[in-house]
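Colleague: Sending over a structure as structure tokens; questions will come in a sec.
The values are calculated or read from the model by the stated rules, or taken from the named source; none is laboratory data. This one's a predicted model, so the numbers in the text were calculated from it and none came from an experiment. Here Cβ is always computed from backbone atoms with ideal geometry, including for glycine, and neighbour counts include all displayed protein chains. Note: areas computed on protein heavy atoms with side chains; ligands, DNA, RNA excluded. Shrake-Rupley method; radii C 1.70, N 1.55, O 1.52, S 1.80 Å.
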Amino acid sequence: MKNVKEFRELSELELEKQVTELKQELFNLRFQLAVNQLDNPMRIKAVKKQIAVIKTIQRERELASVVNG
């Protein structure tokens, strides 16, 4: 699991790619949960948190670009 600092070093395109991969992983985890094959249910929480961190970084950058014009 990456930390916030590592995510901040990524470009916007790399962040989008990470979000896509994490959403796919989240889908797979939820599917495993539905068929009772999920080994680590805490992984769902961790993936959701990573997505939230990336979305927050993207929003911060978006607001910074608007302010700096």
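Colleague: In whole Hz and in residue order, list the ³J(HN,Hα) couplings for segment 24-35 that follow from phi through the Karplus curve 6.51 cos²θ - 1.76 cosθ + 1.60, θ = phi - 60°; x for Gly and Pro.
Modeller: Values per residue, Gly and Pro as x: 5, 4, 4, 4, 5, 5, 5, 5, 4, 4, 5, 9 Hz.
Colleague: Divide by every residue of the chain the summed helix terms, -39500 (n - 2.57) for each DSSP H run of at least 4, and state the resulting mean residue ellipticity at 222 nm, rounded to the nearest 500 deg cm²/dmol.
Modeller: Details: 3 runs with 55 residues, N = 69.
Helix-only estimate at 222 nm: -27000 deg cm²/dmol.
Colleague: To the nearest 0.05, how large is the calculated FRET efficiency for Asn28 and Ile57 if R₀ is 22 Å and r is the Cβ-Cβ distance?
Modeller: 0.40
Colleague: Let me ask something additional. Take each of the peptides 35-46, 20-31, average the number of other beta-carbon atoms within 10 Å over its residues, and list them starting from the highest.
Modeller: The peptides rank, most packed first, as 20-31, 35-46.
Colleague: I'd like the Karplus ³J(HN,Hα) series for segment 4-21: coefficients 6.51, -1.76, 1.60, θ = phi - 60°, whole numbers in Hz, and an x wherever there's a Gly or Pro.
Modeller: 4, 4, 5, 5, 5, 7, 7, 6, 4, 5, 5, 5, 4, 5, 4, 4, 4, 5
Colleague: Follow-up. Given Cβ point charges of +1 (Lys, Arg) and -1 (Asp, Glu) and nothing else, what value in debye, to the nearest 20, does the dipole of the chain about its Cα centre take?
Modeller: Here the size comes out at about 300 debye.
Colleague: Okay, moving on. Tally Lys/Arg at +1 and Asp/Glu at -1 over every other residue whose Cβ is under 9 Å from the Cβ of Val47; what's the total?
Modeller: +4
Colleague: Using Cα-only point scatterers and the Debye equation, what is log10 of I(q)/I(0) for the chain at each q in 0.19 Å⁻¹, rounded to two decimals?
Modeller: Calculated log10 I(q)/I(0) at the listed q: -0.76.
Colleague: Quick one: 3J(HN,Hα) in Hz for segment 39-56, Karplus 6.51/-1.76/1.60 with θ = phi - 60°, rounded, Gly and Pro as x.
Modeller: 7, 10, x, 5, 5, 4, 4, 5, 5, 4, 5, 4, 4, 4, 4, 5, 4, 5
Colleague: On the protein heavy atoms, probe 1.4 angstrom, tell me the percent of accessible surface of the chain carried by carbon and sulfur.
Modeller: The nonpolar share, carbon plus sulfur, comes to 56 percent.
Colleague: Give me the 1.4 Å probe accessible area per residue for the chain, excluding ligands and nucleic acids, in Å².
Modeller: Heavy-atom accessible area per residue stands at 77 Å².
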